[in-house]
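The block underneath contains the structure these notes are about, expressed in structure tokens.
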Amino acid sequence: MVPARALGLLLCVQLCGGAETTLQECLHFGWGKHFCDHDRDVGVTCTEALELRLAAGRGPCEGRGEGKLRGRWGMVVDDSWDMEDAEVVCQQMGCGSAAGAYQGNEFGQGDGPINLAFINCDGTEKALWDCKIRGWGPYTSPTKYDSAVVCQGFSRLAGGDGACSGRLEVRQGRAWATVCHGHVDLKAAQVVCRELGCGTAVAVPAAGHFGAATGPLWDGAFECNGSEPLLASCARRPTHGQACAGPAAIVCSPYTGFRLADGGSGCAGRVEVEAQGTWGALCASAWDLRDAHVLCRHLGCGPAASLPPGGHFGTGTATGPLRRDALSCSGSERHPGECPVALLGEPACPPGHAAAVNCSGAAEPLRLLDGESRCDGRLEVATSPGAWARVAAGPGDDRAALVACWQLGCGVPEKVYAVPAASSGPVELQELRCAGSEELLAQCNASGPAAAPGHSPPEAAVACSGSRRLRLAGGPGRCAGRVEVYSEGTWGTVCQDAWDLPDADVVCRQLGCGRALEAPGSERFGPGVGTLWPGAGGCSGTEAALWACPAPARRGCRRGGGAGAVCSGLLRLAGGSSSCSGRLEVLREGTWGRVCANDTSPATAAVVCRQLGCGSGGRLAAVPAQGSVPAWLGWVRCQEGAPSLWRCPSAPWHLQSCGPEGVAHIACDEDTEDTSGATSTAGASSSSSSVAPLTAVSGSVPVPTVLCVLLGTLLGLALAALAVQAHRARLQRRDPVKATDVGAEAVYEELDYSLMPEYQEVPSHTGSLSEGSGMKLQEDSWDGNDEELSPGEAPAPPAQPGHGPPDGYDDAAAVLEEPPAPHSRDVPAQPHGKTGYDDVDMGTLGTAP
């Protein structure tokens, strides 16, 4: 661009309407005709030349605000940066709503010029430069008013076993909306997992895998190429009224790769995993045959043949200690990343004790697709390496299914059925004729189907007994709700006729949710839909799985389905003012124990608070270890962004007494708006069987409510007095002597009624937006005589919460273990409006050359 000063004054524009395509179409005095000098030259900055980013955060949705102006990145500075400003930034970045607005060096000191200064947004603008901006840079001036933002994120995974698996929800305004199954694919899932810091996507399960939707539905589908930084950056397409089959589900894994090393082939060797771009060997301490089966099948090596002792294939050249990650596979997972993983309490791995496996080496020539696991779905057989053929439904499917389930290690067939022909994938069809006694499906007779050209016959599908699943649906989290069983290829509810606490205890233990606190009927979580699963209601409480209980000897179900369970969870904050503050306690082997504060990392507080649905952050403190209650853990070292407490390293599990450092106490930033419904069980005690209803723990009564009650009482008294006076006047006209006695009686009756108002429960949290988590500095103006900006004095930290009694847990709130996504923050309350910039001296900012 050539400066106007070098060209001379060419055009003096008088008026433009805004719709003109060229500048000369505006009203002007003609070329070279003007009445001004070069001190009135004008300039333009187009919005396409502006860029915005968040720097120095853990991802693209948090960090220090920076703007690109004239091709150079610089700081965004504001002495009264608030939630309205942050909301605009988050929405513009595709990161949902704002969770916090910060000033100062929250994300480090920025460098470069000041490009945008003195910003005033009302929160509805589409871009930051649509707000009122008094300072368009670049300026050179030292400042302590760097503006920073933490956004809630556009997407999250809810209802799973952590922040990295669950049903997909996206931010719609200030609410979370559920995305329907079929509106995302594996590429979109990869974007979601990367956005959440959860590694890679390993599965997109069937609709409703993590329960039903809890809020509105997202009207749209995502089309990603897999390389986008955020799901909000993906293209979107309308659904054209397509019915929602159920919530979309995604399973992420921190592992981005698996391999077997130094075994002479790709199907034998030392187990190594890749996480965050680094390969490392897995410790053999918790490695078992079910884990090995899943890994071998994932690598295309068939089932596992044997497990050599740890270190059999050496330790390799990987640097650092062996990974202590303990996988807990059931054996029916399609990918090792689908298996639950625990690190908490795992002991240090002995040197050289690396996991090893010998796979059978023969890839399985059959598979079941489109089911809940590798043990149910549409049957396909391999015709050559990498080529698959579908199996046409026929009269011999029962015998073929028996062989298929046996060969896959999935038990016996529960249901054999026909499904419509798939619209994509392999097109070859085969008919199988089996006797049922074969060990391999390849031993059955196979032939092409006798189908008319262009006709697609239905295909065979099988649900093996190894596909059974269990979940709690319709509740506030994964550890409370209506019991549902996946059997015979479909989800069904459980009859509540003989349902009792021992049955619920089996469910809670099977789901890893601790012990059963209640066994409610359908009145709590609804009757549900689907088929009725009859095999429940006769458990002793010691069975390993619900389907291991003896089937009740009854016919029919008089009360219908809807049996529920409320579990204790494995994690709680006890002895505090609410379920979101108190001593950190974990449940192991049926016993609650505390966590020692010795060297427990501050990031542990935020991880626990997110897992309990108590906000996105918290404060960790050490309090005296009063009483005789032992501790289970110490040295808990969570890192920022850990998906759950179980993924944090610590000292090994053992009952211990904490030293002079005391026990860990956490006070969370309570979450009052989260639509996922994180709810705690109030009043639960480890020594009492009485359990309070599943409601939020009430806090203090708000002052406006108290004032309303007092004013209402006074108004009632005044109305009563007026009524008595009117009644007395009428009686006075009729019988002056009797009026006095009757009036006194009327006053007594009216006052007795008015002083006994109807009881109404006061909720602990209102429906309004909660107070912002970001620390708001006082709105000081920039002093033109100072070289640096001096922020206002920060408010004092909140007082330490009170502690409960030293012994017992009568004041403890057993919190349901629910892991919301790292981005499930609530939108803080909107601060008061700004006072403007009339007192700001723009001369304090030095213009950059």
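The values are calculated or read from the model by the stated rules, or taken from the named source; none is laboratory data. The model shown is predicted, which means the values in this text are computed figures rather than measured ones. Glycine gets a Cβ as well: all are built from the backbone with ideal geometry, and neighbour counts include every protein chain shown. The area values use the complete protein model at the heavy-atom level, side chains included, leaving out ligands, DNA and RNA. Shrake-Rupley method; radii C 1.70, N 1.55, O 1.52, S 1.80 Å.
Quick grid of which residues meet (1) of a type in the set (S, T, N, Q); (2) out of contact with any Phe, Trp or Tyr (no Cβ under 7 Å at 6 or more places or on another chain); (3) closer than 28 Å to GLY159 by Cβ; (4) at pLDDT 90 or above:
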{"residue": "ILE250", "(1), (2), (3), (4)": "no, yes, yes, yes"}
{"residue": "LEU282", "(1), (2), (3), (4)": "no, yes, no, yes"}
{"residue": "ARG297", "(1), (2), (3), (4)": "no, yes, yes, yes"}
{"residue": "THR315", "(1), (2), (3), (4)": "yes, yes, no, no"}
{"residue": "THR319", "(1), (2), (3), (4)": "yes, yes, no, no"}
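If we scan the range 629-644, do we find a residue that is over 23 Å from CYS513 (Cα atoms), assigned to a strand (DSSP E or B) and open to solvent by 30 Å² or more (accessible area, probe 1.4 Å)? No: zero hits. If I filter the range 373-387 for residues that are in contact with a Gly (Cβ under 7 Å, 6 or more places away or on another chain) and either open to solvent by 10 Å² or more (accessible area, probe 1.4 Å) or under 27 Å from ASP262 (Cα atoms) (or both), do I get at least one hit? No, because not a single residue in the range 373-387 is in contact with a Gly (Cβ under 7 Å, 6 or more places away or on another chain) and either open to solvent by 10 Å² or more (accessible area, probe 1.4 Å) or under 27 Å from ASP262 (Cα atoms) (or both). Considering the range 318-371, the residues that are crowded, with 17+ Cβ neighbours inside 10 Å and of a type in the set (Asp, Glu) include one that is nearest to the chain's Cα centre (by Cα), namely GLU338. Is there a residue in the range 281-292 that is within 28 Å of the chain's Cα centre (by Cα), over 24 Å from ARG367 (Cβ atoms) and touching a residue at least 12 places away in the same chain (Cβ under 8 Å)? Yes. Residues that are more than 30 Å from ALA642 (Cβ to Cβ), surrounded by 13 or more Cβ atoms within 10 Å (Cβ to Cβ), at pLDDT 80 or above and touching a Gly at 6+ places or on another chain (Cβ under 6 Å) occur in the range 77-97; there is at least one. If I ask for residues that are farther than 18 Å from ARG167 by Cβ and over 22 Å from the mean Cα position of the chain (by Cα), which ones from the range 468-489 would you list? Of everything in the range 468-489, those that are farther than 18 Å from ARG167 by Cβ and over 22 Å from the mean Cα position of the chain (by Cα) turn out to be ARG468, VAL485, SER487, GLU488, GLY489. Set side by side, the residues GLY65, GLY43 differ, and just one is at negative phi and either modelled with pLDDT of 85 or more or of a type in the set (Ser, Thr, Tyr) (or both), which is GLY65.
Within the range 158-176, the set of residues being modelled with pLDDT under 80 and farther than 24 Å from ALA206 by Cβ comprises GLY173, ARG174. Could you tell me whether the range 300-317 includes any residue that is open to solvent by 10 Å² or more (accessible area, probe 1.4 Å), out of contact with any helix residue (DSSP H, G or I) (no Cβ under 9 Å at 6 or more places or on another chain), within 30 Å of ASP370 (Cβ to Cβ) and not aromatic (Phe, Trp, Tyr)? Yes, the range 300-317 contains at least one residue that is open to solvent by 10 Å² or more (accessible area, probe 1.4 Å), out of contact with any helix residue (DSSP H, G or I) (no Cβ under 9 Å at 6 or more places or on another chain), within 30 Å of ASP370 (Cβ to Cβ) and not aromatic (Phe, Trp, Tyr). Residues of the range 415-427 that are in contact with a Lys or Arg (Cβ under 8 Å, 6 or more places away or on another chain) and either of a type in the set (S, T, N, Q) or modelled with pLDDT of 65 or more (or both): VAL419, ALA421, ALA422. The strands (runs of 3 or more DSSP E) falling completely within the range 239-307 that include 3 or more residues that are among the aliphatic types (A, V, I, L, M) map to 249-253, 268-275. Among residues of the range 578-597 being on the phi > 0 side of the Ramachandran plot and in contact (Cβ under 8 Å) with a residue 40 or more places away in the chain, the one that is most open to solvent (accessible area, probe 1.4 Å) is GLY590.
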